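Visitor: Got a structure for you, written out below as structure tokens; questions coming shortly.
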Amino acid sequence: MNNPEPMTSRTERLRIPAEIAGAALVAYLLGFWFTSLFPGYLPKIGGLWSAISAIVVTQATRRETTASASLRILGSAIGALTSAVYLTLLPFHPLGMALAIFATVLLCTAVHIPSHGRLAAITVIVVMVTGSLDPKLSPGLNALLRFAESCIGTAIAVLGVGLWPGSGTTPAE
């Protein structure tokens, strides 16, 4: 006779997907609403970017989620700043985007936070590509919105994992 799996194992397998899905949904809705306050600044992108941030930040435990949140916020700030400076000086171009990514990751390495480079580079791509969809958008406001949307998703992830029962322990516990 097969022994059934312990209840905690089944519950744990459902907890993390539910946290991620719930955080993504709430972050999308809040990001969409927030960005819709700025006419022309692509609220669906705001919802998308907030949801992506929530998914990236949500981890198996509160401690891991908090660590991931700090990477997300600082990386997003650096990437938003770098891309805003680039787009203020030059129009979007794929080679320029690659140069901005290089400069962003190099900056993260120079200030001794190389692990933030990947998330900063992703923010560069999002800011630059959304800016290229409508070149009339202010590069500074576009970058600020993308940073704010990242903060929305990050906050939702941290709040969701913090409130969800069982998230404070490691998956094996």
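The values are calculated or read from the model by the stated rules, or taken from the named source; none is laboratory data. Quantities reported herein were computed from a predicted structural model and do not represent experimental measurements. For neighbour counting, all protein chains shown are included, and Cβ atoms are generated from backbone atoms with ideal geometry for every residue, glycine included.
Visitor: Working carefully through the options Leu141, Leu71, find the one that is touching a residue at least 40 places away in the same chain (Cβ under 8 Å), under 19 Å from Leu30 (Cβ atoms) and surrounded by fewer than 23 Cβ atoms within 10 Å (Cβ to Cβ).
Guide: Numbers: Leu71 fails: under 19 Å from Leu30 (Cβ atoms).
Within the list Leu141, Leu71, the selection yields Leu141.
Visitor: Are any residues in region 48-61 assigned to a helix (DSSP H, G or I) and touching a residue at least 24 places away in the same chain (Cβ under 8 Å), and if so, which ones? I'd like the intermediate steps shown before the answer.
Guide: Of all residues in region 48-61, those assigned to a helix (DSSP H, G or I) come to 48-57.
The answer is Trp49, Ser50, Ala51, Ile52, Ser53, Ala54, Ile55, Val56, Val57.
Visitor: A further question on this structure: Return the residues of region 93-116 that are modelled with pLDDT of 95 or more and outside any helix (DSSP H, G or I); say none if nothing qualifies.
Guide: The answer is His93, and nothing else.
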